[in-house]
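Following: one structure in structure tokens, then a few remarks.
The values are calculated or read from the model by the stated rules, or taken from the named source; none is laboratory data. Predicted, not measured: the structure shown is a model, and the values here were computed from it. Using ideal geometry, Cβ is built from the backbone for each residue, glycine included, and neighbour counts are taken over all protein chains shown. All accessible areas refer to the heavy atoms of the entire protein, side chains included, with ligands and DNA or RNA removed. Shrake-Rupley method; radii C 1.70, N 1.55, O 1.52, S 1.80 Å.
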Amino acid sequence: MFEIRDPVMARSHLLQGLLVSRIAPMTSGRLTQTLRWAKELAGQGNALPPLGFIVDIGGMLTSHRDVVFATRLPVVSGLEHTLSRRYEDYVLGKFATDQARLRAADLLLNYQGREREQAVAYFLSRLFERVQFTGTLLSPGVIDSLQKKPAVEVLQDAWDSVEQKGLSSLIVDQLDHLVNVIRRVGDVVGPEDLFELESGTAVAPLGQRIAIRQVLQTADLLRSEIPSRRPRVNGHQSSIATHLRQDDQYPIGGFHSITNRGTFENLVRSELAYMDNSERPDLFDVKYARHELLYYSRDESFFLRRRMAFAFVLTCDLKTARFKDDQLPVQRIVLLLACLCVLVQQLTKWLGEDSLCFYFIWCTGADSDPLKPERQMIEVILREQIRQGSVFQQTLGVDQWQGRVEELGRTFFCRAMLVSAGSAEVPEVELPDQTTVMRIKKWGWDEWLRHLHDWLHMWCV
């Protein structure tokens with residue numbers, strides 16, 4: 001990484017970097033937009049590539065999906081034709097066809113104004129971190145000085161700088177470095193980056209973004225180490241009809257006969273011919289009173305599925321779990337949230353034939369909500385399940401969650417887990433039926449994985 005502290009040298013570096021853009025000739029509008037993206041990048045402490053690279057990639061992200069390369073571009077003194085062709089083929093050609101870039105371009109349509117500029121800067125910063133690109137550190141004030149000048153003068157100064165001094169060797173080296181690192185990478189951004197662009201957290205504060213990213217990455221690691229198949233059930237099991245509140249019933253048989261008993265929606269349509277507009281009872285009324293109307297009769301087969309609810313009760317003392325052990329890659333609370341997300345996703349996959357609901361019950365203190373950041377993260381990570389109505393979040397007092405779990409037990413086949421840090425501020429209470437207790441302790445990675453296996457095996461059989 002190279003740092004330029006001299007404002008004159010930094011200004012010359014930025015101006016010359018503009019001219020290595022290879023998609024289309026530089027215009028005033030493109031220059032203004034590029035300086036905004038560069039300022040967002042520099043303001044976040046990122047090292048900058050040649051500005052021409054920002055021009056090309058930012059244009060691909062914010063324009064149409066089909067990228068059209070210019071056929072005639074001005075010749076830049078000092079930029080070898082071989083390096084220019086490699087940059088077009090290995091970098092711009094890769095971005096033009098990369099599926100992750102196409103997906104990111106679609107997601108950027110959801111952003112407007114400065115948020116779109118921040119989202120483009122986020123994409124570029126994640127790309128630089130993924131390919132381990134080392135750029136140039138300089139003061140954002142240099143970019144401010146360029147923004148204050150007319151775009152035409154800035155472009156003229158860029159061409160004058162190249163003609164007088166020639167293209168800087170630092171820009172040539174950085175462009176060559178970009179070609180080498182990007183041609184070796186697979187996807188230009190990862191799925192967690194696209195998730196943040198889709199959920200809107202790409203423009204959120206840095207701390208929240210890092211926490212959500214850690215939960216997603218840890219959940220992927222945990223999911224990769226659990227079996228892909230549902231554990232086998234010991235003994236013989238068979239499905240039987242239980243109380244209506246514990247089962248959803250769906251008729252699956254078709255019409256198989258005609259009878260004179262039934263509901264109006266099963267009425268044979270030809271029976272409507274007996275109706276007329278007279279005020280006196282018509283033939284239809286007479287046949288209805290004498291039970292002579294004909295109805296389609298359904299098969300009596302029914303599809304039964306269990307109505308199951310899983311409740312995760314998180315006590316307010318879990319705020320002390322925002323602690324990172326030496327042998328763990330992330331904090332305990334991050335590992336806990338990752339385990340809960342894996343439980344939701346894996347149980348949904350294995351018990352998909354049942355009617356499942358997951359409840360996150362967050363306990364609050366007397367006048368505080370200590371787990372509000374974690375609740376907001378779950379709301380972002382499981383937003384699709386919340387939208388579909390399979391995941392619910394509730395905030396209750398310490399003395400209210402038992403009643404809520406008992407209420408769920410009267411409507412569903414309910415299993416609950418009380419999660420706490422084992423501190424004295426959470427009083428001992430009488431646990432409802434089918435409730436287990438998990439106290440977060442100093443566990444290693446293998447112990448966390450073993451507990452996750454135990455929970456999955458206990459709840460899916």
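Key figures for this structure:
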{"read-out": "Residue match in the range 288-299 (condition: closer than 28 Å to Asp354 by Cβ, open to solvent by less than 10 Å² (accessible area, probe 1.4 Å) and in contact with a His (Cβ under 8 Å, 6 or more places away or on another chain))", "value": "no"}
{"read-out": "Residue match in the range 45-52 (condition: in a helix (DSSP H, G or I) and touching a residue at least 24 places away in the same chain (Cβ under 8 Å))", "value": "yes"}
{"read-out": "Residue match in the range 194-214 (condition: modelled with pLDDT under 90, under 34 Å from the mean Cα position of the chain (by Cα), at positive phi and not in a helix (DSSP H, G or I))", "value": "yes"}
{"read-out": "Lone qualifier among Gln132, Gln118 - being under 24 Å from the mean Cα position of the chain (by Cα), touching a residue at least 24 places away in the same chain (Cβ under 8 Å) and open to solvent by less than 60 Å² (accessible area, probe 1.4 Å)", "value": "Gln118"}
{"read-out": "Meets criteria (open to solvent by less than 10 Å² (accessible area, probe 1.4 Å), aliphatic (A, V, I, L, M) and outside any helix (DSSP H, G or I)) for Val20", "value": "yes"}
{"read-out": "Failed criterion for Leu335 (all others in (1) open to solvent by less than 50 Å² (accessible area, probe 1.4 Å); (2) over 21 Å from Leu449 (Cα atoms); (3) not aromatic (Phe, Trp, Tyr) hold)", "value": "(2)"}
{"read-out": "Failed condition for Glu425, given (1) touching a helix residue (DSSP H, G or I) at 6+ places or on another chain (Cβ under 8 Å); (2) modelled with pLDDT of 90 or more", "value": "(2)"}
{"read-out": "Restricting the range 152-166 to residues that are open to solvent by 20 Å² or more (accessible area, probe 1.4 Å) and touching a helix residue (DSSP H, G or I) at 6+ places or on another chain (Cβ under 8 Å), the residue that is farthest from Thr201 (Cα to Cα)", "value": "Lys165"}
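Results for (1) part of a helix (DSSP H, G or I); (2) surrounded by fewer than 15 Cβ atoms within 10 Å (Cβ to Cβ), shown as yes or no for each residue.
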| site | (1), (2) |
| --- | --- |
| Ser270 | yes, yes |
| Ala273 | yes, yes |
| Arg280 | no, yes |
| Arg306 | no, no |
| Phe310 | no, no |
| Leu318 | yes, no |
